[in-house]
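Peer 1: My questions will all concern the structure given below.
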Amino acid sequence: MGSSVRKGKAVLPAEEAARPTGPRREQPQRAAAEDYHHAAQNANNGQAITASCKNKDTDLQFKIQAYIDKNTVMIFSNTACSLSAKVKELFKSMSVPYCSLELDKTEDGQKLQDALYELTMETSVPIVFVQQKQIGDYDKILKAHKEGKIQKLLETKGHDHMQDSYDYDLIVIGGGSGGLAASKEAAKYGKKVMVLDYVTPTPQGTRWGLGGTCVNVGCIPKKLMHQAALLGQALQDSRKFGWQFEEKVKHSWETMTEAVQNYIGSLNWGYRVSLREKEVTYENAYGEFVGPHTIKATNNKGKEKCYTAEKFLIATGERPRYLGVPGDKEYCISSDDLFSLPYCPGKTLVVGASYVALECAGFLAGLGLDVTVMVRSILLRGFDQEMANKIGEHMEEHGVKFIKQFVPTKIEQLEEGTPGKLKVIAQSTDGREIIEGEYNTVLLAVGRDSCTRTIGLDKVGVKINERSGKIPVSDEEQTNVPYIYAIGDVLEGKLELTPVAIQAGRLLARRLYAGTTLKCDYVNVPTTVFTPLEYGACGFSEETALEKFGEENIEVYHSYFWPLEWTVPSRDNNKCYAKIICNIQDNERVIGFHVLGPNAGEVTQGFSAAIKCGLTKAQLDNTIGIHPVCAEIFTTLSETKRSGGNVLQSGC
């Protein structure tokens with residue numbers, strides 16, 4: 001049974017009208033490609049709709065009717081049609097959101113055209129519906145506009161009216177740790193959820209699977225390669241513990257990267273299986289808002305589909321920033337490329353002083369490579385600077401070279417190869433000196449940019465920080481558009497850490513769908529930098545604490561320590577360091593915790609729970625330490641910076 005047309009308004013068949021309007025758990029029908037405020041400029045007058053076969057396919061009729069019902073202004077058009085483009089421009093000039101379905105880009109384009117003819121009796125595009133009322137082709141639209149009929153139709157219900165039903169309860173844009181956590185949590189409460197995830201290839205062509213930055217090009221491969229470097233150090237130490245081996249030890253980059261990528265591949269697959277088990281729909285497609293409650297999904301073949309949802313969650317994360325100088329994208333790599341690089345990078349210049357820069361430089365040097373770090377200003381901006389400088393000193397002592405207060409101005413290729421040879425021209429930050437150097441690989445780690453500028457946020461009115469691209473949100477992760485939320489690295493003023501995004505995503509889903517009120521706590525979040533000498537931190541840096549509370553109200557307890565495991569190899573004595581920052585006015589409550597040493601993350605995790613509970617210096621003093629372990633030092637700290645006492649250690 002087909003749809004009928006009465007007084008210019010499409011009417012649903014009786015059996016469709018009887019269907020429930022709320023979100024359904026079954027898989028959605030395959031939607032056609034849509035475009036919002038996108039006009040093709042090719043010159044053609046109204047493209048003919050062939051009606052050689054009057055299609056009676058009820059599903060197609062339902063699909064067309066769904067587009068009409070869910071959009072205030074619905075335009076059926078053709079990308080090669082100039083009249084379709086003019087109609088879109090008309091609605092743009094009126095500041096009226098519309099949704100357009102490009103019939104020449106849909107998989108069922110011809111059948112949809114036939115079904116449209118059955119529904120409207122119009123023989124050419126564009127065909128326009130306003131407030132579910134059929135207006136007609138270009139001439140009829142122009143006439144209705146001149147007579148004020150379109151404006152009256154829009155004023156009747158208001159062109160921002162809410163839809164009665166959506167394809168999904170929640171669509172998550174971004175398949176990283178936070179987005180996946182939120183999607184699975186929402187599905188647990190019976191909600192119909194979709195995840196859109198798409199990795200735009202790097203300039204070097206690198207791409208990866210489901211799971212986001214942390215799993216594919218961040219925490220996981222970084223920690224595994226850091227472990228590879230630590231094992232090299234352990235081999236050197238082992239001779240002092242009696243291990244004898246004649247064979248010269250060497251490292252295989254190819255073996256390591258293959259093993260790391262195999263593990264990551266298993267995680268990618270596991271995430272897909274987990275989504276399927278939770279009945280979350282996953283599409284490997286790029287999500288872009290095209291109108292209120294509507295998103296366009298484009299896959300890697302350029303096929304487009306449109307979906308609607310009651311709520312959306314932005315969890316698109318960040319990507320590495322480039323320098324914007326000649327040769328950067330052509331010849332340099334980023335952390336997005338490094339962990340799957342099919343060949344050993346050789347002599348490497350790391351540009352940047354972020355934790356990504358120092359972690360990568362650290363494990364590359366630990367694998368035996370010649371590594372130089374070029375630093376514009378300070379190390380580890382945003383972290384405690386005393387700890388950051390100690391990390392830099394330790395890396396220099398272990399062979400990493402630093403070029404300070406210089407920035408590259410040009411990268412040239414001298415030789416092709418795997419690796420090839422590059423020439424780097426750099427200028428001092430005061431502009432007085434130019435230097436050159438040759439390297440096999442240049443790794444850029446100069447910061448990351450939020451993936452928010454090309455997902456259509458402007459089309460739905462979501463505000464972003466124009467300079468940073470970050471999204472301001474409320475304490476419930478809600479943007480200025482009530483039905484759109486955001487979590488993770490795209491948030492303005494929040495920590496860019498995987499566990500933070502996971503926690504925020506889960507708690508958001510529970511507030512939205514389980515009636516809870518608990519919000520994500522962004523205070524006293526522990527973190528670790530996996531440099532050769534690991535750095536764990538929780539709470540305030542010393543600089544921030546002094547600025548916030550005043551020097552007279554802060555007491556800093558500190559000490560060096562020597563891990564027992566390092567005493568027999570006789571290495572790195574008095575390089576590990578511990579300090580706590582206490583608020584004198586609050587019963588010497590610990591407000592900052594910092595440790596440099598092996599397994600710093602393991603140490604910091606436990607103390608961070610105590611800090612959450614209001615840990616004081618007296619409570620630390622009353623805690624009996626475990627001997628002999630590194631964390632024991634925090635139960636015996638007695639010297640303060642104010643006293644100026646000696647904090648060097650002569651034994652374990």
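The values are calculated or read from the model by the stated rules, or taken from the named source; none is laboratory data. Not measured: the values here are computed from a predicted model. Every residue, glycine among them, receives a Cβ derived from its backbone with ideal geometry; neighbour counts consider all protein chains shown. Note: accessible area is taken over every heavy atom of the protein model, side chains too, but ligands, DNA and RNA are not part of it. Shrake-Rupley method; radii C 1.70, N 1.55, O 1.52, S 1.80 Å.
Peer 1: Going 7 Å from the Cα of ASP237 along its beta-carbon direction, which residues of the range 376-393 have the amide nitrogen within less than 20 Å of the resulting point?
Peer 2: Under cut-off, by backbone N: 391-393.
Peer 1: Let me ask something else. Over the chain, what is the percentage of antiparallel beta bridges among all DSSP beta bridges, to the nearest 5? All intermediate terms of the calculation are to be shown ahead of the outcome.
Peer 2: On the way: 67 of 101 bridges.
Within the chain, antiparallel bridges account for around 65 percent of the total.
Peer 1: So for the chain, averaging the separation of alpha carbon pairs under 8 Å that are six or more residues apart and normalising by length, what relative contact order in percent results?
Peer 2: Values: 1337 pairs, mean separation 71.9, N = 652.
Taking the mean separation of contacting Cα pairs over the length of the chain, I get 11 percent.
Peer 1: Further question on the same structure: Excluding ligands, DNA and RNA, what is the solvent-accessible area per residue of the range 120-268 at a probe of 1.4 Å, expressed in Å²?
Peer 2: Details: 7300 Å² over 149 residues.
That works out to 49 Å² per residue.
Peer 1: For LYS575, give me every one of the lysines with a C-alpha distance below 26 angstrom, ignoring sequence neighbours fewer than eight places off in its own chain.
Peer 2: In chain and number order, the partners are LYS222, LYS223, LYS240, LYS390, LYS401, LYS404, LYS617, LYS641.
Peer 1: In addition: Could the peptides 114-124, 310-320 be put in order, highest first, of the mean number of other beta-carbon atoms found within 10 Å of their residues? Please list the in-between numbers first.
Peer 2: Working: 114-124: 19.7, 310-320: 24.6.
Most protected by this proxy first, the peptides run 310-320, 114-124.
Peer 1: Using alpha carbon centroids, what distance separates the range 135-151 and the range 560-591, in Å?
Peer 2: Each part reduced to its Cα centre gives a spacing of 76 Å.
Peer 1: In addition: Consider just the alpha-carbon atoms of the range 418-565 and return their Rg together with their Dmax, both in angstrom.
Peer 2: Computed over the Cα atoms of the range 418-565, radius of gyration and Dmax are 21.6, 61 Å.
Peer 1: Sort 285-291, 174-180, 134-140 by the packing proxy (mean of other Cβ within 10 Å over each peptide's residues), most packed first. Can you show the working numbers first?
Peer 2: Numbers: 285-291: 22.3, 174-180: 29.4, 134-140: 18.4.
Peptide ranking by packing, descending: 174-180, 285-291, 134-140.
Peer 1: At each listed q (0.12, 0.13, 0.19, 0.22 Å⁻¹), what is the log10 of I(q)/I(0) that the Debye formula gives for the range 65-137 modelled as equal alpha-carbon point scatterers?
Peer 2: -0.28, -0.33, -0.72, -0.98
Peer 1: Shifting gears a bit: Between GLU565 and ILE624, what FRET efficiency follows from the Cβ-Cβ distance if R0 is 22 Å, with the result rounded to 0.05? Each step should come with its number before you reach the end.
Peer 2: Values: r = 22 Å, r/R0 = 0.99.
The pair GLU565/ILE624 has a calculated efficiency of 0.50.
Peer 1: Relative contact order for the range 381-519: what is it in percent, counting Cα pairs under 8 Å that are at least 6 residues apart? Numbers along the way, then the final one.
Peer 2: Numbers: 157 pairs, mean separation 15.1, N = 139.
Averaging sequence separation for qualifying contacts and normalising by length gives 11 percent for the range 381-519.
Peer 1: Accessible area of the range 428-517 with a 1.4 Å probe: how many percent of it is carbon plus sulfur? Display every interim value, and only then the final one.
Peer 2: Details: 1980 of 4300 Å².
Of all accessible area on the range 428-517, carbon and sulfur atoms account for 46 percent.
Peer 1: For the charge dipole of the chain, defined by +1 on Lys and Arg C-beta atoms and -1 on Asp and Glu C-beta atoms about the Cα centroid, which residue among PRO320, LEU648, LEU349 has the Cα displaced farthest towards the positive pole?
Peer 2: PRO320
Peer 1: Between GLU543 and THR616, what length in nm is gained on full extension when 0.36 nm per residue of separation is reduced by their alpha carbon distance? Before the final figure, lay out each step's value.
Peer 2: On the way: separation 73, 0.36 × 73 = 26.28 nm, distance 1.99 nm.
Result: 24.3 nm gained on full extension.
Peer 1: For the range 299-352, would you read off the P(r) tail past 18 Å as a percentage of all alpha carbon pairs? Each step should come with its number before you reach the end.
Peer 2: Numbers: 847 of 1431 pairs.
Result for the distance tail: 59 percent.
Peer 1: Next up: On a 1.4 Å probe surface of the protein chains, which of VAL525, VAL595 comes out largest in accessible area, and what is the full order?
Peer 2: Numbers: VAL525 35, VAL595 5 Å².
Ranked from most to least accessible, the order is VAL525, VAL595.
Peer 1: In whole Å, how far is the Cα centre of the range 602-623 from that of the range 172-217?
Peer 2: 35
Peer 1: How much mean residue ellipticity at 222 nm does the chain get from its helices, if each DSSP H run of length 4 or more adds -39500 (n - 2.57) and you divide by all residues, to the nearest 500 deg cm²/dmol? Could you put the intermediate results ahead of the total?
Peer 2: Details: 20 runs with 205 residues, N = 652.
Result for the chain, helices only: -9500 deg cm²/dmol.
Peer 1: Hey, what's the per residue convex hull volume over the C-alpha atoms of the chain, in cubic angstrom? Write down the numbers at each step before the final one.
Peer 2: Numbers: hull volume 133.2 nm³, N = 652.
Per-residue hull volume (Cα only) is 204 Å³.
Peer 1: Debye calculation, C-alpha points only, no solvent: report log10 I(q)/I(0) for the range 212-288 at q = 0.19, 0.22 Å⁻¹, in the same order as the q values.
Peer 2: -0.91, -1.06
Peer 1: What fraction of the Cα pairs in the range 246-389, stated in percent, has a spacing above 19 angstrom?
Peer 2: Details: 7201 of 10296 pairs.
That fraction is 70 percent.
Peer 1: May I ask you to list the lysines whose Cα is less than 22 Å away from that of LYS188, ignoring any residue fewer than eight positions away on the same chain?
Peer 2: LYS278, LYS311, LYS519
Peer 1: I need the per residue convex hull volume for the range 141-290, using only the alpha carbons, in cubic angstrom as a whole number.
Peer 2: 174
Peer 1: May I ask for the equivalent-ellipsoid semi-axes of the range 395-448, computed as the square root of five times each C-alpha gyration tensor eigenvalue and listed largest first in whole Å? Walk me through the numbers before you get to the answer.
Peer 2: Values: eigenvalues 79, 54, 26 Å².
Taking √(5λ) for each Cα gyration eigenvalue gives 20, 16, 11 Å.
Peer 1: What whole-number volume per residue, in cubic angstrom, does the convex hull of the C-alpha atoms of the range 111-227 give?
Peer 2: Numbers: hull volume 24.5 nm³, N = 117.
In the range 111-227, the Cα convex hull volume per residue is 209 Å³.
Peer 1: What are the semi-axes of the equivalent ellipsoid for the range 592-652, taken as the square roots of 5 times the Cα gyration tensor eigenvalues, largest first, in whole Å? Can you show the working numbers first?
Peer 2: Working: eigenvalues 71, 49, 28 Å².
Calculated on Cα positions only, the semi-axes equal 19, 16, 12 Å.
Peer 1: Still on this structure: Quote the relative contact order of the range 271-347 in percent (integer), defining contacts as alpha-carbon pairs under 8 Å separated by 6+ residues. Before the final figure, lay out each step's value.
Peer 2: On the way: 51 pairs, mean separation 11.0, N = 77.
Relative contact order, the range 271-347: 14 percent.
Peer 1: Here is a further query. At a Förster distance of 22 Å, what's the computed FRET efficiency of GLU247 paired with LEU267, Cβ-Cβ distance as r, to 0.05? Numbers along the way, then the final one.
Peer 2: On the way: r = 33 Å, r/R0 = 1.52.
Computed FRET efficiency for GLU247 and LEU267: 0.05.
Peer 1: Which length gain, in nm to one decimal place, applies between ASP586 and HIS398 when the Cα-Cα distance is subtracted from 0.36 nm times their residue separation? Please list the in-between numbers first.
Peer 2: Values: separation 188, 0.36 × 188 = 67.68 nm, distance 4.09 nm.
Residue separation times 0.36 nm, minus the Cα-Cα distance, leaves 63.6 nm.
Peer 1: So with the 1.4 Å probe, I'd like the accessible area per residue for the range 512-652, rounded to whole Å². Intermediate values should be presented prior to the final figure.
Peer 2: Working: 6670 Å² over 141 residues.
Result: 47 Å² per residue.
Peer 1: Calculate, in nm to one decimal, what ILE425 and GLU466 gain on full extension: separation in residues at 0.36 nm each, minus their alpha carbon distance. Working shown, then result.
Peer 2: Numbers: separation 41, 0.36 × 41 = 14.76 nm, distance 3.10 nm.
Contour length minus Cα-Cα distance gives 11.7 nm.
Peer 1: Tell me which GluC sites (Glu not before Pro) from the range 382-483 have a DSSP coil assignment and no more than 12 other beta carbons within 10 Å of their own. All intermediate terms of the calculation are to be shown ahead of the outcome.
Peer 2: On the way: sites: GLU386, GLU393, GLU396, GLU397, GLU412, GLU415, GLU416, GLU433, GLU436, GLU438, GLU466, GLU476, GLU477; in loops: GLU416, GLU433, GLU466, GLU476, GLU477.
Passing sites in the range 382-483 are GLU416, GLU433, GLU466.
Peer 1: Please enumerate, by chain and number, the aspartates and glutamates with C-alpha under 14 Å from the C-alpha of LYS329, excluding those fewer than 8 residues away in the same chain.
Peer 2: Cα-Cα hits under 14 Å: ASP337, GLU412.
Peer 1: Distance cut-off 32 Å, Cα to Cα: go down the list LYS111/LYS192; LYS86/LYS152; LYS88/LYS494; LYS303/LYS494; LYS191/LYS463 and report the pairs above it.
Peer 2: LYS88/LYS494; LYS303/LYS494
Peer 1: Please report how far the C-alpha centroid of the range 86-130 lies from that of the range 426-489, rounded to the nearest whole angstrom.
Peer 2: 37
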